[in-house]
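Taken together, the values in this text are just the output of simple stated rules run on the coordinates, not laboratory data. Values in this document were obtained by computation on a predicted structure and should not be read as measured data. Every residue, glycine as well, gets a Cβ built from its backbone with ideal geometry; the counts of neighbours run over all protein chains shown.
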Amino acid sequence: MLDLKLVAQNPDAVVERLLTRGGNLDFGDFRALVSQRSAAYVSLESLQAKRNAANEEMKRLAKQDPAALERLRGDLRTLSQEIKEQEKQRDALDERLSALLLTSGCSTSSARRRCPAAASSSTWGTWPGSSARWWPS
């Protein structure tokens, strides 16, 4: 499986390396998924911040105005539902990205069996500026 962070930071090096190993990565799908994933994380973090602020407000209102507390509880339930939906969407995007990266190149666990280039070498190489490892050709 390819590392998401590595692919996002060094896309050209990853594509070049995959081509030498007979792998393929569709960057159209990949970039779209990474963009959607980033937007989902930002949106989710925003909703979680709103929920945390609402919880703090509830603590304050519990002492001062119990009637307003009930109204805020309804708002908080709605916000919690939105968060759950966003989490499902984020998880689905993560699964799609993982599946794309799993099928894009040779995984290290089965590189010898699946990749002719890896089968001819028993040493590991590293990506420039990274500790990520790959089978050299």
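Things worth noting here:
- Residue in the stretch 17-30 that is basic (Lys, Arg) and in contact (Cβ under 8 Å) with a residue 24 or more places away in the chain present: yes
- Among the candidates 92, 54, the residue that is touching a residue at least 24 places away in the same chain (Cβ under 8 Å), among the small types (Gly, Ala, Ser) and surrounded by 12 or more Cβ atoms within 10 Å (Cβ to Cβ) is uniquely 54.
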